[in-house]
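*Asks:* First, the structure itself, so that you have it in front of you.
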Amino acid sequence: MSIRIITDSTCDLPLETLNALGIQLIPNYVHINGQAYRELIDITHNDLYHQLADLSNQIYTSPSPTEDIRQIFASIPPEDEILCIVLSSSLSKTVEHITLAAQASERKVTIHDSKFISMGLGYQVLAAAKVIHEGGTVAQAIQAMNSMLDRTFMYVLLDTLEFLKRGGRVSSVTATVGGFLQIKPILKLQLGKIESLDKQRTYQRGFKKFLQYSKFHGKLNRLTVVHANAPQRAEEVKRTLASIVSTDIRVTDVSPSLGVHIGPKAVSVIGVMPN
């Protein structure tokens, strides 16, 4: 018997890394004008941003259907234990869908709510994989992930409120006023909750403040810069924060389903503080 790890496609880990570690992926769905696409399988980052550019398109996201998840479980040898590590239950119904799939499959499944998205989730997946690779138990893997959770932060600098409005996260009035004033919101995600941290009236002011929040945590063990079709902005963040990170900074594009909500040109940092 072995322990198999499953995570969802918002983890923002490279597919080659997941494949090398034997980790299976549950894809979230992006729906465009009534057509459903599995992210990273049926739709690419570039496809998404092309569609987002047309504001008349009806775009929303959803978790993988319960039946699809049950089929993933069925592909794993029945004697193996399954550890599912997924995005925050406060932001998605993925945990609910996995729970239903586990009940229907009658498999031994442990579900871990990472209370994060993007590389905040991805870092926990890597921590669990290390424990399992070294012969550890599911309980030990969860302990390692919880330790990392307490030390992880995430800040997001949005270029516009438009896409949060389209996803029902802010009112139309707020988004319209924000656009008129060129407001650039800074959001914080920690322990499963998204908070509005700051608002600046220009991108340069927002960017400066965004970096200040990131530097506030001091020396970091890990840092990833995640962007939504904004590679130049991401590289600028990387250069500016390089001095406070003890390892190489990774830069990656956010998963399409998250890109739907934060919109093009958004940048984010996910950092892990030392023990």
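Just so it is clear, none of the values below were taken in a lab; they were calculated from the coordinates. Bear in mind the structure is a predicted one, so any value in this text is a computation, not a measurement. Here Cβ is always computed from backbone atoms with ideal geometry, including for glycine, and neighbour counts include all displayed protein chains.
*Asks:* Ratio of the chain's C-alpha Rg to 2.2 N^0.38 Å, to two decimals?
*Replies:* 1.00
*Asks:* Quick one: net charge of Asp248's neighbours, Cβ under 14 Å, K/R +1, D/E -1? It would help to have the intermediate numbers written out before the result.
*Replies:* On the way: positive: Arg222, Lys238, Arg239, Arg250; negative: Glu235.
Computed value for this residue: +3.
*Asks:* Under 10 Å, Cα contacts only: if you run a Gaussian network model on the chain, which one of Val254, Val245, Val226 comes out with the highest mean-square fluctuation?
*Replies:* Evaluated over the chain, the most mobile residue of the options is Val245.
*Asks:* Cross-link candidates for Lys209: which lysines have Cα within less than 26 Å, leaving aside residues fewer than 8 places away along the same chain?
*Replies:* By straight Cα distance, Lys209 reaches Lys115, Lys165, Lys184, Lys188, Lys193, Lys199, Lys219, Lys238, Lys265.
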